[in-house]
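A short reminder: the numbers here are calculations on the coordinates, not readings from a lab. Model, not experiment: these values are computed from the prediction. For neighbour counting, all protein chains shown are included, and Cβ atoms are generated from backbone atoms with ideal geometry for every residue, glycine included.
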Amino acid sequence: MGMLKVTGLKKAFGIDELFHDVSFEVSRGDKVGFVGANGAGKTTLMRCLLGLEETDGGTIQLDDAGTIGYVEQQADFGDGTLYEEFLRAFDDVIALGERKKALEKQIADHADEETMAAYGKVVERFELLGGYDFESRIRRVAFGLGFTEEDFDKDVAHFSGGQKTRICLTKALLREPDFLFLDEPTNHLDIHMIEWLEGFLKNYSGGVLIISHDRYFLDRVATRILELAGRTVTNYDGNYTYYMKVKTERRAALQSAYEKQQEHIRKTEEYIRKYKAGIKSKQARGRQSQLNRLERIVLPPEDASFNYFALNKPPECAQRVAELEDVSMSFGSHTIFEHLSLLIRRGDGVALVGPNGAGKTTLLRILVGELESPTGRVKIGSRVKIGYFSQQHEGLHMDRTILDELIYEYGINEEQARKYLGAFLFHGDEVLRLIGDLSGGEQSRVAFLKLMLTGANFLILDEPTNHLDIPAREAVEEALMAFPGTFLAVSHDRYFLDKVANCTLELADGKLTEYLGNYSYYLMKKELAEEEGEEERLAAEKLRKAKEEKEKHKQKPAAAEKRAAELAAEQRAREEEKKRAEIGRIQSMSDAKREEMIQRAEAEIAMAEAELKGLEFQMNDPEIQSDPQKSQEIAAAYAAKEEEIEQRYAKWERLTEA
C-alpha cells in the first residue's frame, strides 16, 4: 500500500519562517483537502513534497514504487500542438526509446557482451514504463477527459483556461500515479466540469491532496482536511463542513480553558501579593513556584479578515430594477443566445449559472451597457445606480498605487483612504504598491473596496470570489447577505451561491430558466425534473410493452393479465431494490455526510411545504376559482406537490433511521 510520510518539515525565506514541524501522512485512497489563508505557504509546501522546492529541515518519505502526478495552479505550456504537449509527459520514455534504437543499430554493427547487457536493461525499463503502448494510453485518457482527435492538432496556447486545467489533469494521469497533487483544480472550470471532477476524484484509487478554496468541492470530495495555519499543519478527519465544526468547538474549548487559567493566575498572584511578607509567606512562595512551573495556554492568532467590510445602505430605487426584453447576441456567425427576457426586482439576490461559453458574462455586459443587443431592449429602473465588479478588474488603474486609486477616484484624503485600506488588510507601506504588481486576490480586495465606496444599489458581480481565500470569501458573503440593495452574481463558487442567492437563473443552450431559490434548491429542482423525466420514460416504456403484450395475446386474455401482473411485480421489486441500495449508501456514509444530507432533506421539505402553502393560497383566490382551466391546473400542481412532500419525508426517514 503506497504511503507518503512527512515528518518535521520546515521552510523559511531568509528570516521569515513559512512553516515548521509539519508532519502528516497520505495513503493510497485518501482524499485530503489542504486549506489555509492566501500566503500561508500551501503551494510552497506542496512543491517541497514534489522536490521542486528545497526544505530547511524534516523528511519526506515516499514508497520506492510510489509516483506523483501534479496539476499546478498556473499552467505553463511550451509551444506546439496538444498532442505534442501530451507527449512531453513521456519525455523519459521517448528518450529510452531513442537509446533502445541506438543500441539496436550498434548491435547490428557489432554485438559485444557489454552492449547486449546495456540493451537488455534499456528494454526492461522501456517495457516497465509502458513504452510500447504510451501513444494509445494518451488517446484513451485524453478522450476520457473530453478531448477529440481534432483537438490533437490544435495549438495548445489557444485553449481556454478550463481546457488548460484539463490538459494538466490529463498529463498528470497519463503516468497512472499513486498520488495526485492538485493546486486549485477548480479554477477556470465551469460547474458541470467541477461536478465531473468531483465524481472522478471520489472514485480515484490513488491518494489525492488538494489545495482549494472551493468549500462545496471540498465537502463533496475530501475525507480529511489539513489546515496550514500558525506556521504548522493540523489534521481534521471529515469533510470541510465537519472540519469547520470541530475547529470552532476546539477554539471555544481552548478559549474557555484560557479564561479559566487566566482567572486562576489572577487569584494566585493576588494571594502571593497579599501574603508574601506575612505569616503565610511560605505558602505564598510555594504558590509562586507552582505558578512558575505552570504551562501557559496560548491562544492562536485570529485570522486576518475584513473586519469592517460592509456595503453602506444604498438609496431607494424603483421596484423593477432591471429588465431585459427579447435580447440577443452573436459574435460573427456564432450565436450566443437570442430572444432572452429577464426581470430583476428590488431586493433580489440573483445567481446566474451555466456552462462556460453560455454567455453569462456577455449578459452582464449587456446589462451594464458595454454591449448592445441587436434585438429587444434593456431598461434600468428609476434611481438605479449600478456597481460592476469585473472578472478582469478593468476598472482598476494598473499604473497607480493602491492609495492613489482611492484618492483620485473618490476625492478622499490620505487619512480616510488609509483607514479604508487598513480594513481591507493593506497596511503601512503596502498602500504604496502599484496595483499592477498585486496578486489576483489583492486586486480583488481593491476592487471590492471601490465597489463599497460607489454607493451603488444594484451590484453586478462577475466571479467575485475568484482568487480570494476562504476568510475573504466569507467576508464577501456576510456583506452581501446584509446588503439591502439588489445584486446579480455570476460565480462557479456553489457554496457562495448557496449562502447569498434567493433566486437562481440558469443560462444554457441559449435559454434562461428561473428557479426561485438558492443553488441547492436549483440542484434539487433539476434532479427532481430528471427523476420525473426518467419515471415518465419508464412509465411510457412500460405502457408500450403492456400494449404489445395485449396485442400479442388478444386471444389469450388470461395470459395477458398474468403478464401485466408480472410486470407490476417486477416494477415493485425494482423499487424495493432501489430503496435497499439507497439505505446501503446511507449506512456507508460518514456521520458528517449523513448529517449534511439530513439538513439538506429538511431544507428541501421546508421549501416544498412553503410552495404548497403558495399553491393553497392560489386555490383560494376568487380570480383563479372563476377560471376553471387555471383552477384545474393549480389543483393538479397541488396534488403533485403533496406527493413530492410525501416522497421527501420518506427519504428523510430513511436518512434518520438507516
(message) Tell me which of 130, 144, 59 sits at the most positive position along the dipole axis of region 1-153, charges placed on C-beta atoms (Lys, Arg +1; Asp, Glu -1).
(response) 59
(message) I need the semi-axes of the equivalent ellipsoid of region 454-515: take the C-alpha gyration tensor, multiply each eigenvalue by 5, square-root it, list largest first in whole angstrom.
(response) 20, 15, 11
(request) Sort out for me the Cα centre separation of region 311-349 from region 505-542, rounded to whole Å. (result) 23
(request) Starting from the amide H of residue 18, placed 1.01 Å from N in the peptide plane, find each other amide H under 5 Å away whose residue is 5 or more places distant or on another chain. (result) 11, 12, 13
(message) If you average the alpha carbon positions of region 435-483 and of region 121-172, how far apart do those two centres end up, in angstrom?
(response) 38
(request) For n ≥ 4 DSSP H runs only, could you compute -39500 (n - 2.57) per run for the chain, divide by its residues and tell me the 222 nm figure to the nearest 500? (result) -17000 deg cm²/dmol
(message) Need the list of lysines near residue 282 for cross-linking: C-alpha distance under 30 angstrom, and skip anything on the same chain fewer than eight residues off.
(response) 260, 267, 274
(request) Return 133, 219 ranked ascending by Cβ neighbour count within 10 Å, so the fewest neighbours appear first. (result) 133, 219
(message) Quick query: amide H of residue 371 versus all other amide H atoms, modeled in the peptide plane; which residues come in under 5 Å with a sequence gap of 5 or more or a different chain?
(response) 366
(message) Please rank 220, 287, fewest neighbouring Cβ atoms within 10 Å first, as an exposure proxy.
(response) 287, 220
(message) With θ taken as phi - 60° and the coefficients 6.51, -1.76 and 1.60, list the Karplus ³J(HN,Hα) couplings across region 8-16 in order, rounded to whole Hz; mark glycine and proline as x.
(response) x, 6, 9, 8, 9, 10, x, 8, 8
(message) Apply the a/c threshold of 1.5 to the C-alpha gyration tensor of region 50-100 and tell me whether it is rounded, prolate or oblate.
(response) oblate
(request) For region 202-355, compute Rh as the Kirkwood radius over C-alpha pairs and then the Stokes-Einstein diffusion coefficient at 37 °C and 0.692 mPa s; write the answer in µm²/s, rounded to an integer. (result) 143
(message) Just to be sure I understand the curve: with the Debye formula and one point per C-alpha of region 617-657, what is log10 I(q)/I(0) at q = 0.14, 0.24, 0.30 Å⁻¹?
(response) -0.44, -0.73, -0.91
(request) Would you please give the residues with an amide H less than 5 Å from that of residue 322, counting only those at least 5 places away or on a separate chain, with H modeled from the backbone geometry? (result) 344, 381
(message) What lysines does residue 419 reach when the alpha-carbon gap must be under 20 Å and sequence neighbours fewer than 8 apart in one chain are set aside?
(response) 313, 450
(message) What does the C-alpha gyration tensor say about the overall shape of region 183-250? Classify as rounded when a/c is under 1.5, otherwise prolate if a/b is larger than b/c, or oblate.
(response) prolate
(message) Using the Karplus curve 6.51 cos²θ - 1.76 cosθ + 1.60 with θ = phi - 60°, what ³J(HN,Hα) values do you get for each residue of region 519-529, in whole Hz, with x for Gly and Pro?
(response) 5, 4, 5, 4, 4, 4, 5, 5, 5, 4, 5
(message) Past 19 Å, Cα to Cα: identify those pairs from 101/121; 31/202; 499/525; 245/651, in the order given.
(response) 245/651
(message) Checking the cross-link filter: which lysines have an alpha carbon closer than 18 Å to that of residue 164, excluding same-chain neighbours under 8 positions apart?
(response) 154
(request) Could you tell me, in Å, what Rg and Dmax come out for the Cα atoms of region 76-126? (result) 14.6, 44
